[in-house]
Every structure is written in structure tokens, then in C-alpha cells.
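See below for the structure under consideration.
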Amino acid sequence: MNPNYLDFEQPIADLLSRIEGLKLVDPNLDNMNVASEIQGLEEELNFVTERLFSRLTSWQNAQLARHPLRPHTVDYIDMVCDEFQELHGDRLYGDDSAIIGGLARIGDHKVVLIGQEKGRDVKEKVARNFAMPRPEGYRKAARLMKMAERFKLPVITFIDTPGAYPGIDAEERGQSVAIAENLTLMSSLKTPIISAVIGEGGSGGALAIGLCDQLMMLQYSTYSVISPEGCASILWKSAEYAQDAAEAMGITAPRLLDLGLIDHMIIEPLGGAHRNAKEAGAMLKHAVTSQLDELLKLDIDELVEKRYQKFRAIGRF
């Protein structure tokens, strides 16, 4: 089993392994046509990948959102931003590495960019607290949003968190208040806000930087009030029912788009963003710049009113 592939991706891993093996064979051997063999396997690989990804369950989608190779905020910053200058600290307690924020330039647009970062190896994951922000992370985000409003810069947020950190130290420093204050701030912030769910969008930890004018999701990301495991533990008293919970909750981008809870779904490359990060980054950049072009045409008071009405309408059937 290749650890860089999920269980349902193993047929893809096997075909790729065979292709890589053939590429090491001397192409001048008389007893086989290496190029023809590779071409045939690549065609089979495309067919198998398309078939697997056309039949994904909600639980498999949730696994893809957490894929170990899936691009993170730091990766998309490199691919989407032409310039980026990180800013630190909440000017109250300290800096939270679970949230990255700073000034950025995306094409012709100068923006403030804020995102949650999981980290890649064990050391970095611990330093980033697995993208579970503490109150100082959300207060840092709030400080940057207020700065964006002051200098008339749009706000872009990249959401990728299992949820806000539930530890005692976070609760002691006002975790719920920090999240609530961010929601209040974003509801009336006088500058365009675009949010993109790039991986997991978990609970209030995601919503704290996700109250926006345009909410986008990458095709295989998820957005939910609780993780499937958490939901299963509450409803069925066991995380073993996570697959059933994922199906019942409607956590996938197509489902949320149908419900009107998100505004746009960004199609990912075949096999997911982790199979072609460069293409995924280009698609995200195009989606962000296109929405910026539209939002910046609106009068700021009209923009804030539309944002208000957008969230007032959620849940209306």
C-alpha cells in the first residue's frame, strides 16, 4: 500500500507504478515496444481515474479533502499570489502559526490574504497546531481585516481547518468570543470578501474567516458544521459510522452548491488537486480574480447590504 494514496486510489497507484517501471526499461530492446506499452497504460490510467472519481461517496470526498499530498494555503500562496508579505501577531497575546496572513498582490489586485495552514511534516504540523487556530489566530485575522478596510483592500481567505482548537488554554483566552467577534466584524466590513474552501472547512473554526460576499469551494473540499467522525460520535455514539454521517450531512461542494450555501465550485484537475497542484492553483487564481473584478464594481454600501441579505436568506426553503 502506497501511503500517498487513499484506499480507493490504489488501482491508480498500481498503474502509475507499472508506468514508472516501464520508463526505466531500455527503449531499444527488440522484444517489446516500450512506448506503445506505456501509452496503453496511460490510457487505462485515465479511464480508471475518471471512473473512480465519477463515483465518489461523500466519505471518500472527505478523505480527499484531508489527502496528505493536497495543496495547503502556503502552496496556493506561492501559486496564486504574485507577491506576498506575511504579517504576524494579534497585538494582544501573540502570534498563531495556524493562521497565515499578510499583504498580497494577485495580478492587478492588491489584497489582504488570510488562510489556515496545516503543515506538512510532523514538526510543522505541531507548530501549526494542525490548522486549529487559537483565539490569537482569529484576532490576528480580525486585525488584518480591519487594516484591509482602512486601506480599501479586498480580503481573500483560504479555509482549511478541522475546526477551532478546543483546548483549555484557548477557552481561557476567549475562543468563542474571538470567533463571534470575527463574524460580527465580517458581516459589516466595508471591503469585498472572498473565501475559498481549499480542503476541510470545519465548524465555527472555518466560519470565523468565511463570512463573505463570495464563498467558493474546490471540487473535492468539504464544508460542514462538524466532522463526520464527530457527528457519528454524537448521533450513533461511535465514530465507526462516519461514512453514514458524511452522506447524511451533505458536506460536498456539489451538494452545498445545490442548496445555495456556496456561490461557486472550482473544478479540480482529474484525480484531485494533489495530482496537479499547478493546474489547481491556476484555476483558483482565475476564480479569485474573476470574482474580484465583479465585486469591485459594486458600491461599498450595496456590497455590505447584499452580504447581509445573502446570510439572511440561508435556510429559506
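The values are calculated or read from the model by the stated rules, or taken from the named source; none is laboratory data. All values derive from a computational prediction rather than experimental measurement. Here the Cβ positions follow ideal geometry from the backbone for every residue, glycine too, while neighbour counts run over all protein chains shown.
Remarks
- Among the candidates Glu124, Glu117, the residue that is without any contact (Cβ under 8 Å) to a residue 24 or more places away in the chain, under 28 Å from Met283 (Cβ atoms) and of a type in the set (D, E, K, R) is uniquely Glu124.
- Boolean, Met265 is under 30 Å from Arg307 (Cβ atoms) and at pLDDT 95 or above: yes
- Single residue of Ser233, Ser227 found to be surrounded by 13 or more Cβ atoms within 10 Å (Cβ to Cβ), more than 19 Å from Met186 (Cβ to Cβ), assigned by TED's automatic domain parsing to the domain that holds Leu185 and more than 21 Å from the chain's Cα centre (by Cα): Ser233
- Taken together, Thr252, Thr222, Thr191 contain a single residue that is polar (S, T, N, Q), touching a residue at least 40 places away in the same chain (Cβ under 8 Å) and more than 26 Å from Gly119 (Cβ to Cβ), which is Thr191.
- Hey, Ser97 more than 25 Å from Pro162 (Cα to Cα) and among the hydroxyl-bearing types (Ser, Thr, Tyr) or not: no
- When each of Gly271, Gly199 is tested for being in contact with a helix residue (DSSP H, G or I) (Cβ under 6 Å, 6 or more places away or on another chain), outside any helix (DSSP H, G or I) and surrounded by 24 or more Cβ atoms within 10 Å (Cβ to Cβ), the lone residue that passes is Gly199.
- Meets criteria (more than 17 Å from Ala142 (Cα to Cα) and in a helix (DSSP H, G or I)) for Ala170: no
- Against the numbered list (1) surrounded by fewer than 17 Cβ atoms within 10 Å (Cβ to Cβ); (2) within 22 Å of Ala196 (Cβ to Cβ); (3) modelled with pLDDT under 95; (4) not β-branched (Val, Ile, Thr), Met249 comes up short only at (1).
- Taking the listed residues Val74, Val34, the one that is surrounded by 12 or more Cβ atoms within 10 Å (Cβ to Cβ) and either closer than 28 Å to Ile159 by Cα or in contact with a strand residue (DSSP E or B) (Cβ under 9 Å, 6 or more places away or on another chain) (or both) is Val74, with no other qualifying.
- Taking the criterion of being crowded, with 21+ Cβ neighbours inside 10 Å and among the acidic types (Asp, Glu), the only residue of segment 98-128 that qualifies is Glu117.
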